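Shown next, in C-alpha cells, is the structure this report addresses.
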Amino acid sequence: MKKILTLLLAILLYLPSGQVMASSHREAPLISTDPLADNTDVYAFKSPTDAEKIVLIANYIPFEDPAGGPNWYTFGENIRYEIHVDNNTATPGDDITYRFTFKIVNEDPTTFFNIRLGKQNQKATYTCERSTNGGTSWTTIVNNGVVPPANIGPRSIENATVGLGAPSYNALAKQAITVSSTGERIFCGPIDDPFFVDLGGAFDVGNFRAPGRDGLARFNVHTIAIEVPVSTLQKGGKSVAQASTILDPDFVIGVWASASRRQIKTINSGGDVGYDGGWVQVSRLGMPLTNEAVIPIGLKDKWNATTPYGNNDLQFAANFTNPELALYMDDSKFGGAVPGLSALRIQANSLGAFDFRNGKPGLFSLKGSSALTGTALDDAVFGTILLPNNASPRAVDLLPIFYTGVPNLRPYQLATGKGGNPLAAGKPFIHNFLPTLGDMLRLNMAVPATPRNHAKFSTLGLVGAAVLGLTDPMYTNPNLQFIPNMDGFPNGRRLEDDVTTIELQAVGGVVLAAIGLWYDDFVPGGSPVTPQLGKVLGFNAGVTKNDTTFKSAFPFVQDPWRGFIGSSYEPNQKLAVTVQNYNCTTGDITFGRIGGDPGRTVEYRAAGVVNGVYGTSVNRQIEFGVRNDPNNSTIILMGRYVGDAASEVSYTFNFRTHCAPARISAESEPLSVRVLGNPSSKTEVTVEVTGATGQSLHFSVINSQGQQFGEHAVPTAGSVERRTLRLGQQTGVYFLEVKTPTDRQIIKVLRQ
C-alpha cells in the first residue's frame, strides 16, 4: 500500500504540466465578430512576491498576430472594460468594480508606419475608475495611463533615430506600470497570450493527441492587470495577518470580468462613426471553459449578456448538473467514440451504490437521511441546490465548483481521516465558498501562495494539493495546515494552472474521488489508488506548457511576441548570438540574437569592447588598441537572457576577416548553397550549405509579399550543413536567404 501511494505521488509530481482549452477565444457567435471586446481569460491569484497582495488579470482580443500591421491590435474606444469583485453575499451585485476606458490618438497621421521618428500612431492611454458601492458612484484613480505600443520590431522600438529609442521593449512595459491614487498597481498593454491549448484537437470532437499543437503559440492578447492590497478587497478592510486561519471564510472573493458597448453604432457616409444609447454587456468571463465547453451554442450569446448576480445563472445550471462533456466519458453513451478522453471515466458504481453518470441519481438516495445532517448536503444548509432531484448527479460537485465555491464542510473535505466514510469529517484543504449561485472565480485570499520554485509546485492546482493531502506524510495530518498548491485553481487561478486538465479531470469525477467517493474499481479494504484513478490523474491533453516564460514580478505576464519575428517563428531553436554589423573604420559593432525565446530579453558582453560588461545595449565599439593589435583578430561575444547565467552562449567574431575578405586564402572554400528539389511540390525544402565551416549560419524563407515562413540558426557550422525549412501553403515564388557574418546568398525557390 505504501509503495503504491508513493508511486502515485511521484507520478503526480512529475506529470507533464499544463494544457488548456481555449478559455474564451471566439467562444460565442456574436462576440466572435467583435474581437476588441472579447474577454479571453481571467486570473485571480495570491501574489507570489507579497503575501498582502492579490493579482487580478483580465485579457482581451484573441489571436493577435505579432506582425498584424499596419493597423496593430489595441484596446477599443467606446468600450467599457471592467473587472468585478464580490466579497459579501449580503450585498447585491459588485462590491468593488474597476472600469477602464481607452483613448486612441495618431501623433503623425502623415505616415503609414505605426512608429516613426519618435512619434507613435494608435497611441493608447486609459482612464481607470473604481466603484465601491455597486456602481452608484465612481472615483477616477488613474488618468492618462500609458499603454505600451505593439512590439513591432527593433527599428520601431529600440532605434533612436527612426523609432522610440527605448533600451528594450521590456523597459517600455516596466515604465507603463502605474500606481493609482488608491494604492493599486496597474498595467494595461499587449502581452504574450498565457493560454496554451491544442485547439485543433480539442474542438475536433475531443480529439486530444500527444503531442498536441498549441493553437495559441506565438499569439498575443491585451491585458488589464491590477495588483491590489488584500485589505482593499477584504469586506472588512482586514489584512492577511488578521485572518483567523488560512481558510478564513471572511477572506473569500469572487472575480469576473466583462466588456460593454453602446446600444447604437452609426456609420456616416463620410466614414465617421458615432455611438449612442445605454451600455450593454457583450462579453463576460469568470471560470474558464464555461461558455466554451459547458454552455450550448444556442445560449452562448445570452450567457455573455447576463451577469452572474440575482440568480441569473440558475437558468444555465442544468448544463453543469448534466454536462455534455460527461457523455464522452461514459461508455454507455458516447465514450467509445472519443478515444482522446478514454482515460476519463465517471463513477457509475462508486462504493457499490452511487452512479454519477448523466441523468443518474448520484447521491440523491441519501436525501433526507440523518447522515446528511450538518453537512453541506443538508436541505437546511444547501441541499436544495446540491441535491435538487434524482437526475442531476453533478450538482454535488461541478455545480459548487462553478457557482458557489467549495465550503470547508462535510463532505467537501479530503478523504484523509474519514475512515472510509465520505460523509465523515476529513482533512480541510479548501474554503472558497461564496454562494452567489453565479459563475465567477472564487479565491480565499488568506491561503499562502506556493512559491513557483517550490519542489512540489504543481500546475494541477487543487488536484495536486489533494494528492499531497491524501498521500504525502508531510501533509496528511488531518489538522488544518498548508498544502502546496492550495492557492491553485479552482481556488482562484494562477497563470501556470492547467485548467483544462483540472476541469476535464473534475468532469471525470476526480473531486468525488478526493472526498472518498472512489472509482468503480476500488475494492473495500484495498487501496483507493486504483488503476482508474491513476489514469485520470495521468491524463494530459497534449500541450504541456505555455510557449514562453512568465515574469517573476508584477504584472507576471510576459512581454508580447515581436512582429519582426512573427508568428511563424520556429520555437525549438536554441539561443545564439551574432554580430549584425561592424564598421571597419570606427570599430562600431552591433550585436544581435538568433532564435531562443523572443519573450525574453538578451544581454551581451565582450572583452575588448568599450563598456564590455553585460547589458542590453546592442551597439558597442571595439577598443582602438584591440583593433590595431597585430596579434589579435577576434573578440568573443557572450550573450544570455537577462540575469540567467545558465543560458549563456558565445560567438567568436573575426573582425579582420570581416574587413579584409580579399586576404582569405585561395584555398578557402567559398559559401555554396544548394536547394535539393527546386521546384518543390511540398511545404518544405531541404538546403545544403558548404563553405561556412566554423561560422554562424542564419537561414530564412520569405514569399514574394515579404511574409516570413521559415527561420533557422546554426551557431557553428560544420563542413556540410543540411537543413529542412518550411515554405508556405501557397504556390509561387519564395526567397531563401543564407547568411554568415561575412557572406550571404539569396536563392529563388518555386513552390508548385
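Quick rundown of the values:
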quantity: Per DSSP, loop GluC sites (Glu not before Pro) in the range 27-95 with at most 16 further Cβ within 10 Å; calculated: Glu52, Glu77
quantity: Length-normalised contact order of the chain in % [C-alpha pairs under 8 Å, at least 6 apart]; calculated: 13 percent
quantity: Listed residues Phe655, Tyr734, Val85: farthest to the positive end of the dipole of the chain (Cβ charges); calculated: Phe655
quantity: Long-range amide H partners of Ser283 with built H, under 5 Å; calculated: Ala259
quantity: For Ala607, net neighbour charge (Lys/Arg +1, Asp/Glu -1) across residues whose Cβ lies under 13 Å away; calculated: 0
quantity: Dipole moment magnitude, nearest 20 debye, the chain about Cα centre, only Lys, Arg, Asp, Glu C-beta charged; calculated: 740 debye
quantity: Estimated [θ] at 222 nm from DSSP helical runs (n ≥ 4, -39500 (n - 2.57)) normalised by residues in the chain, nearest 500; calculated: -3000 deg cm²/dmol
quantity: In Å², nearest 10: area of Glu688 left accessible to a 1.4 Å probe; calculated: 30 Å²
quantity: Nearest-10 value in Å² for the accessible area of Glu737, using the 1.4 Å probe; calculated: 40 Å²
quantity: Local net charge near Gly464, Cβ-Cβ under 13 Å (Lys/Arg +1, Asp/Glu -1); calculated: -3
quantity: Under 5 Å, built H, 5+ apart or other chain: amide partners of Gln580; calculated: Thr590, Phe591, Gly592
quantity: Sequence of Tyr275, Tyr126 when ordered by accessible area, the most exposed leading, probe 1.4 angstrom; calculated: Tyr275, Tyr126
quantity: Cross-link reach list, aspartates and glutamates versus Lys265, counting only Cα pairs under 17 Å and skipping chain neighbours closer than eight places; calculated: Asp34, Glu77, Asp276
quantity: Unpaired by the 4.7 Å Cβ criterion, cysteines found in the chain; calculated: Cys128, Cys188
quantity: Environment charge of Gln729, counting only residues whose C-beta is closer than 12 Å and scoring Lys/Arg +1, Asp/Glu -1; calculated: +2
quantity: Correct choice for semi-axes √(5λ) of the Cα gyration tensor in Å that was computed from the model, options (1) 59, 49, 24; (2) 95, 30, 23; (3) 50, 31, 25; calculated: (3)
quantity: For the range 644-652, Karplus couplings with θ = phi - 60° (6.51, -1.76, 1.60), whole Hz, Gly/Pro x; calculated: 10, 4, 5, 8, 5, 10, 9, 8, 9
quantity: Too-long pairs where the Cα-Cα distance tops 31 Å, listed order kept, from Lys302/Lys456; Lys53/Lys119; Lys235/Lys545; Lys174/Lys748; Lys119/Lys174; calculated: Lys302/Lys456; Lys53/Lys119; Lys235/Lys545; Lys174/Lys748
quantity: Under 5 Å, built H, 5+ apart or other chain: amide partners of Gly215; calculated: Val197, Asp198, Leu199, Gly200
quantity: ³J(HN,Hα) computed for each position of the range 94-110 - Karplus, 6.51 cos²θ - 1.76 cosθ + 1.60, integer Hz, glycine/proline x; calculated: 5, 9, 9, 9, 10, 10, 10, 10, 10, 10, 10, 10, 9, 7, 9, x, 7
quantity: Cα-Cα P(r), the range 267-418, percent of pairs per 5 Å interval; calculated: 2, 8, 14, 17, 17, 13, 11, 6, 3, 3, 3, 2, 1, 1, 0
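The values are calculated or read from the model by the stated rules, or taken from the named source; none is laboratory data. Quick caveat, the model's predicted, so the values are computed rather than measured. So basically every Cβ, Gly included, is an ideal-geometry build from the backbone, and we count neighbours across all protein chains shown. When the accessible area is computed, the model is the full protein with side chains, heavy atoms only, and any ligands, DNA or RNA have been set aside. Shrake-Rupley method; radii C 1.70, N 1.55, O 1.52, S 1.80 Å.
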